[in-house]
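Working notes for the structure below.
The values are calculated or read from the model by the stated rules, or taken from the named source; none is laboratory data. These numbers come from a predicted model, not from an experiment. Here the Cβ positions follow ideal geometry from the backbone for every residue, glycine too, while neighbour counts run over all protein chains shown. Note: areas computed on protein heavy atoms with side chains; ligands, DNA, RNA excluded. Shrake-Rupley method; radii C 1.70, N 1.55, O 1.52, S 1.80 Å.
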Amino acid sequence: MLENVYLVKQASLLMIGLCLLTGLAGIAQPKPIPKPEETLGFPVGADFKLATYEQALSYFKKLDEASDMLKLVYVGETSEGRPWYFALISSPQNLANIDKYRNIAQRLAHPAGLTDEEAKKLSLEGKPLVHIDGGLHASEVAGAQHTISLAYDMLSKASEPKMKAILDNVILMLWPSLNPDGQTMIGDWYKSNVGTPYEIAPPPFLYQKYVGHDNNRDAYMLNMIESRVVARTWREWEPNIIFVHHQTSPFPTRIWLPPFAEPIAPQTPPIIAREVNMIGMAMAQALESNGQKGATHMGTGFDAWYPGYIDYMPVMQNIPSFWTETALYNYATPHFYTVRDFPQDKKEFRNESLYSSPWPGGWWRISDAIAYMQTASLATLDYAAKYSDVLLYNRYQAGRNTIKKYEQEPPYAYFIPQKQRDPVRPVELLRRLAFHGIRIGQLTKEVQVEGRSYPKGTWVIPMNQEYAELTRQLLDVQSYPDLREFPGGPPEQPYDAAGWTLPLQFELSVLPAMSPLPAEVNNAIQLLGGTAKDWQKDDKKDATPADFIAGIGFDTNPVSAAIKAPEGRLTGSGTVALISPIQNNSFKIIGRTLKSGGAVKFDKESQRYTISGVAKATLEQWVRELGIMAELTTNSSGTTVKPRIALYKPWTASMDAGWTEWVLEQFEVPFVAISNRDMSAADLRDRFDVIVMASDRPQTLKNGFAKGIVPPAYEGGLGESGSAVLAAFVAEGGTLVCLNASCDYAIEALHLPVKNVVAGSPRKDYFTGGSLLEVETDPTHPVMAGMPAKATVFVDGSPVFATLDGFKGQALAKFAPTGSPLRSGYLLGEKYLQGYAASLDVQQGRGHVVLIGFRPQWRGQPLGTYRVLLNSALYGGDLTKGKYGAADFWRSPSKLKEEEKK
């Protein structure tokens with residue numbers, strides 16, 4: 001009996017086992033995490049191998065298919081039309097509730113109407129959103145490779161305790177690259193040269209359309225499509241940390257980490273600055289724990305004064321945002337360093353307070369750089385996991401504190417009148433601010449503020465809002481501190497610009513209210529585009545470049561779209577339209593007219609351009625669309641403007657040439673890009689009337705890449721033959737337009753009777769450091785047509801001119817003979833400028849050399865001086881007598897020597 005019972009039990013257990021096996025066979029088993037080499041064809045970090053963006057994206061798509069811990073999010077397209085994604089990486093539970101955590105991040109980012117207790121509760125419920133990316137400087141190659149490795153390790157090691165804690169408590173927004181186009185450009189360029197003498201050759205092109213390295217200087221201006229895609233995505237998600245990888249660590253250190261050097265942006269919220277510093281120290285400690293030597297926080301070099309960095313500007317939006325700089329040799333080529341390569345002060349390997357484990361040298365590979373980056377990224381995620389509620393609550397606190405600050409102290413608001421010299425200009429400024437999440441209002445009736453009357457329609461930026469510090473950082477005048485390398489020594493150079501005040505660059509009247517606004521005024525301010533919560537919603541997640549390129553291209557944001565310029569008007573009668581160069585969009589009409597076969601003339605008497613040969617209906621459409629005030633007349637007198645324009649683009653990949661190209665394209669001015677081969681051709685004058693030469697060092701223009709550095713097709717510069725051809729081009733009636741540093745090249749190569757009086761000046765005596773200065777212009781000259789008598793220009797290592805014996809021509813702009821011309825930034829040695837010229841029209845043979853000793857199109861920012869570049873490109877007529885003759889700026893050699901001695 002017992003035996004039978006035993007047999008029955010055994011049979012039952014067998015049946016149960018079979019049922020369980022059958023059931024388990026029907027359950028889908030987790031897919032294995034694919035290894036990168038299975039998609040790329042090589043391990044990440046292999047010597048001499050770089051993954052292009054297409055390869056990286058292909059791998060991320062496979063991760064998306066294989067894991068429920070990664071989800072790709074489409075954000076738009078790049079300048080070259082590549083589809084752009086970032087990856088959300090977190091636990092399956094977090095990703096299933098992603099809308100909840102995104103809404104919490106949004107609510108804490110915009111604290112109005114939220115109590116401290118409510119914010120604390122949300123901070124405990126939420127999960128930090130951490131943005132980490134592969135960098136945007138494409139030649140700094142390790143960043144975009146490390147994102148592949150980081151994603152694989154996080155998913156393949158998800159069950160390990162430390163990784164599990166990160167996945168459970170943090171939502172990573174991992175961007176394979178912030179510059180997909182550049183990642184592929186550089187990957188393809190390097191692959192084409194590996195194994196040749198040109199393996200580490202610099203690229204003869206910009207690794208992002210138009211801007212190259214300046215893609216990390218466009219954060220607040222949003223001129224580039226990529227800048228807008230990133231800014232829009234941040235406003236949609238409101239991340240709690242932003243970490244961008246770079247590769248320029250000061251040798252021999254292996255990675256530079258925050259804190260930043262002095263000075264930092266004065267409007268930085270203190271609690272956010274402290275958070276950045278803590279994360280920097282957490283990364284350093286993680287590197288030490290891993291035995292990765294050479295981390296530093298060296299206190300010079302990488303300051304955070306300029307807000308144009310995509311990886312620092314968000315600090316003014318209350319987000320801990322920072323970059324690191326990991327060591328780089330060249331691309332994926334390994335290199336061995338010995339102590340002989342080290343600077344003298346690092347050869348002793350002495351432990352320092354901020355460089356406590358000196359790197360001893362040896363091999364440095366891309367795999368090493370990737371490993372350092374991955375440690376830094378994981379340390380940041382670990383910090384976010386451990387202090388998630390503090391991180392979230394500090395976001396709320398920083399915004400709350402900013403609101404309270406500007407309820408109690410000035411400025412309480414900024415007023416921007418609609419009536420400006422160019423009525424479209426304030427729209428261009430305000431749309432950019434709105435795109436960054438700054439709320440803009442408009443007066444519903446006339447009001448009085450501090451004794452000034454503001455009519456209905458005046459725009460207002462109330463300062464009691466969470467991103468007010470960014471508003472001040474962009475609108476206020478900068479005063480860069482006088483930091484010296486040693487007492488009495490030269491000033492410490494800013495890492496970037498010292499002054500950028502947007503109202504000055506845009507040539508706008510923007511007026512701060514320094515007293516609290518009366519209730520009547522506050523009640524008259526109607527916010528545009530709804531509430532902050534309304535405009536955070538975006539129905540255009542699949543936007544393409546076309547959504548961003550049209551006009552200013554900010555219509556994807558409801559607030560930006562609600563900011564409109566007055567509609568343009570075409571008045572009078574006749575078949576000829578008069579348009580003023582005061583209005584920037586006049587140049588779009590000129591460009592369209594030239595392309596459509598119409599006629600353009602410059603009328604010296606009225607200092608306006610005339611347009612004919614265009615149908616009235618077409619003109620009316622252009623005028624309305626572009627916000628232009630134009631007048632019809634029957635008089636078509638003036639000098640015909642139909643220049644054949646060339647823009648010189650050297651193989652050394654000039655960012656300034658890229659920005660010049662961008663401006664010309666924005667205003668639809670027809671031109672042809674030419675290279676060294678064109679500049680050496682004897683038929684240059686037969687092909688072109690005007691050649692524009694962007695700012696570049698004279699030696700770079702003259703010599704280009706040295707022989708053996710790059711493939712032979714890209715060697716050399718203009719050389720002696722190019723100088724001779726240019727001289728003949730001008731002598732035969734051509735116009736050469738030189739911007740900023742290239743003026744020195746023209747002075748030397750064409751033997752112009754002009755001297756740069758600040759060339760060779762010791763930095764302890766004279767220094768400007770990327771600043772805004774005031775000049776007196778001659779608006780009666782075609783190049784300066786439309787400029788105010790006193791104008792603000794951006795200078796950066798700029799020449800200052802005196803004319804010498806034999807000079808023919810005239811000055812276009814000069815510095816006042818007394819006082820300081822500084823408007824924003826830093827200036828040491830104003831006496832070196834007083835009374836000298838900032839721009840000249842030099843008559844040479846039958847042609848002209850236009851020397852513009854400033855940067856009229858600097859990074860696409862100074863809308864107030866665009867017209868100087870555009871007028872110059874259209875200028876090819878006879879010399880026009882103006883207000884300033886040569887005598888005003890002429891200095892004899894003996895006079896110059898006397899002044900130099902002083």
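Put simply, the stretch 256-408 fits an ellipsoid with semi-axes of 33, 17, 14 Å; these come from the alpha carbon gyration tensor as the roots of five times its eigenvalues, largest first.
At a Förster radius of 25 Å, what calculated FRET efficiency corresponds to the Cβ-Cβ distance of residue 520 and residue 564, to the nearest 0.05? Computed FRET efficiency for residue 520 and residue 564 comes out at 0.45.
Spin-label model, residue 751/residue 446: points 7 Å from Cα along the beta carbon direction are separated by 6.6 nm. By the Stokes-Einstein formula, at 1.567 mPa s and 4 °C, the stretch 153-276 with its Kirkwood radius over alpha-carbon pairs has D equal to 71 µm²/s.
Using C-alpha pairs under 8 Å with a sequence gap of at least 6, the mean separation divided by the residue count of the stretch 571-719 gives a relative contact order of 24 percent.
For the stretch 601-705, the Cα-based Rg and Dmax, in that order, read 17.8, 54 Å. At the listed q of 0.22, 0.24 Å⁻¹, the Debye profile of the stretch 30-118, built from one uniform point per Cα, gives log10 I(q)/I(0) equal to -1.12, -1.19.
In the structure displayed, which of 564/595; 31/61; 49/649; 649/764; 702/831 lie more than 23 Å apart, Cα to Cα?
Details: 564/595 27 Å; 31/61 14 Å; 49/649 30 Å; 649/764 34 Å; 702/831 31 Å.
Pairs exceeding the cut-off: 564/595; 49/649; 649/764; 702/831.
By a 1.4 Å probe calculation restricted to protein chains, residue 436 has an accessible surface near 0 Å², given to the nearest 10. Pair-distance distribution P(r) for the chain, from all Cα-Cα distances in 20 Å bins starting at 0: 13, 43, 33, 8, 2, 1, 0 percent.
Would you mind calculating the relative contact order of the stretch 754-800 from Cα pairs under 8 angstrom and at least 6 residues apart, reporting the percent as a whole number? All intermediate terms of the calculation are to be shown ahead of the outcome.
Details: 54 pairs, mean separation 21.4, N = 47.
Computed over the stretch 754-800, the figure is 46 percent.
Taking 0.36 nm per residue of separation and subtracting the Cα-Cα distance, what length does fully extending residue 724 through residue 157 add? Before the final figure, lay out each step's value.
Numbers: separation 567, 0.36 × 567 = 204.12 nm, distance 6.48 nm.
Stretched fully, the residue 724-residue 157 segment lengthens by 197.6 nm.
Using a simple spin-label model with pseudo-atoms 7 Å out from Cα toward Cβ, residue 168 and residue 188 lie 4.7 nm apart. Gain on full extension, evaluated as 0.36 nm per residue between residue 639 and residue 818 minus their Cα-Cα distance, stands at 60.8 nm. Solvent-accessible surface of the chain, taken per residue with a 1.4 Å probe and all protein chains present: 38 Å².
The separation of the stretch 241-265 from the stretch 364-415, counted between C-alpha centres, amounts to 15 Å.
Against the chain, whose longest principal axis is taken from its Cα atoms, helix 270-289 shows a tilt of about 60°.
Could you tell me what percent of the accessible area of the chain is made up of carbon and sulfur, with a 1.4 Å probe and every protein chain present?
Values: 18220 of 34670 Å².
The value for the chain is 53 percent carbon and sulfur by accessible area.
In the stretch 121-209, the alpha-carbon atoms span a convex hull of 110 Å³ per residue.
Relative to one another, the C-alpha centroids of the stretch 709-745 and the stretch 268-344 are positioned 39 Å apart. Once C-alpha pairs closer than 8 Å and six or more residues apart are averaged by separation and normalised to the residue number of the stretch 441-528, the relative contact order reads 39 percent.
Antiparallel beta bridges, as assigned by DSSP with both residues in the stretch 676-805, represent about 60 percent of the total such bridges. Rounded to the nearest 10 degrees, the inclination of helix 655-666 to the longest alpha-carbon principal axis of the chain is 80 degrees. The reciprocal of the average 1/r between distinct C-alpha atoms defines the Kirkwood hydrodynamic radius, which for the stretch 818-867 equals 13.3 Å. Derived value for the stretch 648-718: Kirkwood hydrodynamic radius 13.1 Å. Basis is the mean of 1/r over every pair of different alpha-carbon atoms.
Against the chain, whose longest principal axis is taken from its Cα atoms, helix 53-66 shows a tilt of about 30°. DSSP beta bridges confined to the chain are antiparallel in about 65 percent of cases. The helix-based estimate of mean residue ellipticity at 222 nm for the chain, built from -39,500 (n - 2.57) per DSSP H run of four or more residues and divided by its residue count, is -10500 deg cm²/dmol to the nearest 500.
Taking every pair of alpha-carbon atoms in the stretch 209-262, what share in percent sits in each 10 Å bin, from 0 to the bin with the longest distance? Reading upward from the zero bin: 18, 39, 35, 8. Please give the direction-averaged projected area of the C-alpha convex hull for the stretch 770-871, in square nanometres with one decimal. Averaged projected hull area, Cα only: 6.6 nm². Within the stretch 688-730, the proportion of C-alpha pairs whose separation exceeds 11 Å stands at 70%.
Figure legend: label point modelled 7 angstrom from the Cα of residue 763 along Cα→Cβ; residues of the stretch 244-260 with amide N under 17 Å from it are 250-251. Projected label points at residue 330 and residue 120, each 7 Å from Cα along the beta carbon direction, are separated by 5.9 nanometres. Note on the stretch 421-475: Kirkwood hydrodynamic radius from all Cα pairs is 12.3 Å, rounded to one decimal.
For the stretch 385-542, which semi-axes, largest first and in whole Å, follow from the square roots of 5 times the eigenvalues of its Cα gyration tensor? Please list the in-between numbers first.
Working: eigenvalues 165, 117, 61 Å².
They are 29, 24, 17 Å, listed from largest to smallest.
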